[in-house]
Amino acid sequence: MLDLLNDKKVIFFDVGYTLDKPASGDWMFTNQFLELASEKMKQRTETDIQRARDAGLRFLARDHLVRTVEAEVQNFLDYYSIISDQLNLGLSEKKREQIARDRACNMKNYIPYPGIKEVLSMLSKTHKLGIISDTWPNIEPQLEYIGVSQYLSFCTFSCYVGVFKPDQRIYLDALSKCGIPAEETVFIDDVVRNLDGAAALGITPILIAANPEADVETNYLKIHDLRELIR
């Protein structure tokens, strides 16, 4: 086991690009979205697409307290309406709802990284395990789908707290649930600013670079595969 974990009692994991990745290669532009919009998307510039993404994400960030999957579907419906309007994709309301419901309910949108069940199973014998994730209510069936729910003792999901990492309220919620001092916990995430937020409270950060875009220079311990934790 990684030496850094020896004197820790709790390990918190992010989910996206830590435990799993998007089947389409993109969290929001799912296979269903690409199937229905890809022809017109090919005619749009990267600048236009990024502008539409930014507009959609600003909408989603406006009120992130989302407690049910049905509310999540409505949020995604509004998001894909913004994307369609901004990029002039001409997606009908029926197609936008189809994409939104697929985004919220189709667990095949998620691909677990190899070995995650083995890693969490082994670590759960020596540590309490938890989740700190920027996510939506569909995270609960998602964790079941990728086969790790049974190893988790506590979870903090941004959609129930109403803010995203690195807002300190996320980490304080997680620490409150586990009841362990921050110095005896670890947080594994693929985004340095999220690790900065955790480190500011005394949580030990580990950068995971399973996603190549996360493989950046950092003073934090960096791994590329969760299986490195148990070798």
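Criterion applied to Ser149, Ser133 was being buried (at least 21 other Cβ atoms within 10 Å of the Cβ) and either more than 25 Å from Val186 (Cα to Cα) or under 20 Å from the mean Cα position of the chain (by Cα) (or both), and the one residue passing it is Ser133.
Go through the residues of the range 37-51 one by one and say whether even a single one is open to solvent by less than 90 Å² (accessible area, probe 1.4 Å), part of a helix (DSSP H, G or I), at pLDDT 95 or above and touching a Phe, Trp or Tyr at 6+ places or on another chain (Cβ under 7 Å). Looking for residues that are open to solvent by less than 90 Å² (accessible area, probe 1.4 Å), part of a helix (DSSP H, G or I), at pLDDT 95 or above and touching a Phe, Trp or Tyr at 6+ places or on another chain (Cβ under 7 Å), one finds none in the range 37-51, hence no.
Kindly indicate which of Arg169, Arg193 is free of Cβ contacts under 8 Å to residues at least 12 places away in the same chain and of a type in the set (Lys, Arg). Give the derivation first.
Values: Arg193 fails: free of Cβ contacts under 8 Å to residues at least 12 places away in the same chain.
Arg169 is the lone residue from the list that is free of Cβ contacts under 8 Å to residues at least 12 places away in the same chain and of a type in the set (Lys, Arg).
Where helices (runs of 4 or more DSSP H) fall wholly inside the range 72-173, the ranges with 2 or more residues that are aliphatic (A, V, I, L, M) and in contact with a helix residue (DSSP H, G or I) (Cβ under 9 Å, 6 or more places away or on another chain) are 93-105, 116-123, 139-145. Scanning the range 152-180 for residues that are of a type in the set (Gly, Ala, Ser), more than 20 Å from Thr68 (Cα to Cα) and open to solvent by 20 Å² or more (accessible area, probe 1.4 Å) gives Ser153, Ser176, Gly179. Kindly establish whether Asp54 is open to solvent by 50 Å² or more (accessible area, probe 1.4 Å), at pLDDT below 95 and among the acidic types (Asp, Glu). Taking the combined requirement at face value, the residue does not satisfy it.
Okay, residues lined up against (1) open to solvent by 40 Å² or more (accessible area, probe 1.4 Å); (2) more than 19 Å from Pro166 (Cα to Cα); (3) assigned to a strand (DSSP E or B):
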residue: Arg193; (1), (2), (3): yes, no, no
residue: Leu201; (1), (2), (3): yes, no, no
residue: Pro205; (1), (2), (3): no, no, yes
residue: Asn219; (1), (2), (3): yes, no, no
residue: Lys222; (1), (2), (3): yes, no, yes
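The values are calculated or read from the model by the stated rules, or taken from the named source; none is laboratory data. Here the structure is a predicted model, which is why all the values come from computation and not from measurement. So basically every Cβ, Gly included, is an ideal-geometry build from the backbone, and we count neighbours across all protein chains shown. In case anyone asks, the SASA skips ligands and DNA or RNA and just uses the protein heavy atoms, side chains included. Shrake-Rupley method; radii C 1.70, N 1.55, O 1.52, S 1.80 Å.
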